[in-house]
């Protein structure tokens, strides 16, 4: 019979091996995935900085800008599920490369927008091109990380959004000052210079990203077997639903969608309207607005880097979601009630929890699904949630045009986040009872 010391002596090396393997996976996979997400966010959100000058040059009102910003998410959402099902069949390397090539070309093509109609068309096409990237990566992470480690990996991935928004302000502000160079407007240079590098990065993805553990040259045979055994054990104990239609009957999936919808309204309203709100604080140059626009995203990066790793149990996940959503709501109230730089503190408070909430939230559906249902289910959750990305900016554009202020829009979103916080208390993982 083994003594307690003998059992501990056997368990500790296994724990050390698992920790070393997780560190290896993070080091080999996450830097490239983060860079991909940085570029994708630069390309989908750079119209926020281009709003003022582009609006003058091509004749966009606040309402038409908000609609165009939101239209991206309409087609992005509609094509999420088929995109993820295709990736499940053809492999991550090929499909992510395809996504990047098409979105890079279309993003650069935004430089040739001539008016409202072409603006709407290009935003719709960009949504089609980029559809599947986020749920595809969420699916891809399930090939490598178990439930305990997935929140941490997702948190690192979402750092890409923070980095993109930190860089986009100063970079976009500088590019806008190229106005007149070679006969092009500054906003045209913004789209071209931020869009074309995607093509080079697509080549890197094609050459270096493995489809899964079985094709990773930097894993030994023993490491592959150990990793697969760990993932199989988790799937056998938690994910019982294997058909897409069964996923649709799970109330937990719909609760997740409700929370994610409110989250996406918040994040994309902040992204697309924050530069314009900052411009009302004082007389600022494009570069100064861009620099100040980066401040909340530094806070978001800190939150994404520090907190998701603490979400190691279902109870901790729910607690983090509840507190995070209420914190986001409080930040928007502060931002709405201030017409000065104090508002920037409010936005920073909201941003601090944005990607903490998002990284933890996706643990719930991924713990309940497997196989094709996992691929389609994650995309379905993202699809429904992303309609918030269409609704939020469109609503805010109409409110700004009608009232001349974003004040009421921010308070409305703050209320929705309180509702989302209450819903989050009902979320359950795996076979947890509601």
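On full extension of the chain, what length is gained from residue 121 through residue 225, given 0.36 nm per residue of separation minus the C-alpha to C-alpha distance? Let's see the in-between values first.
Details: separation 104, 0.36 × 104 = 37.44 nm, distance 4.76 nm.
Length gained between residue 121 and residue 225: 32.7 nm.
Sorting the segments 72-85, 346-359, 246-259 by their mean number of nearby beta carbons within 10 angstrom, highest to lowest, gives 346-359, 72-85, 246-259.
What do you get for the angle between helix 186-195 and the principal long axis of the chain? Use alpha-carbon atoms, 0 to 90 degrees, nearest ten. Tilt relative to the chain: about 20 degrees.
Computed on the chain, with alpha-carbon pairs under 8 angstrom and 6+ residues apart, the relative contact order is 26 percent.
Over all Cα atoms in the stretch 92-135, the spread is summed up by Rg and Dmax: 11.4, 36 Å.
Dimensions of the chain from C-alpha coordinates, computed as largest minus smallest value along each principal axis and given longest first, are 79, 44, 40 Å. Among rounded, prolate and oblate, which fits the stretch 293-405 when a ≥ b ≥ c are the square roots of the eigenvalues of its C-alpha gyration tensor, a/c under 1.5 means rounded, and a/b larger than b/c means prolate? Judged from the Cα gyration tensor, the stretch 293-405 comes out oblate (a/c at least 1.5, b/c at or above a/b). Here residue 208 and residue 184 are evaluated by their C-beta separation; at R0 = 35 Å the FRET efficiency comes out at 0.55. Residue exposure proxy: 263, 88, ordered by other Cβ atoms within 10 angstrom of their Cβ from fewest to most, comes out as 88, 263. The C-alpha atoms of the chain define a longest principal axis, and helix 251-279 lies at about 40 degrees to it.
Calculated [222 nm] ellipticity per residue, helices only, for the chain: -27000 deg cm²/dmol; basis is -39500 (n - 2.57) per DSSP H run with n ≥ 4, divided by all residues, nearest 500.
Quickly rank 38-50, 394-406, 182-194 as a protection proxy: mean count of other C-beta atoms within 10 Å, highest first.
On the way: 38-50: 23.8, 394-406: 17.8, 182-194: 19.8.
Those peptides, ordered most packed to least, come out 38-50, 182-194, 394-406.
Ranking of 419, 128 by neighbouring Cβ atoms within 10 Å, starting from the fewest: 419, 128.
Every number here is computed from the coordinates shown, using simple stated rules; none is lab data. All figures in this text were calculated on a predicted structure; none of them were measured in a lab. Note that we place each Cβ from the backbone using ideal geometry, even for glycine, and neighbour counts take in every protein chain shown.
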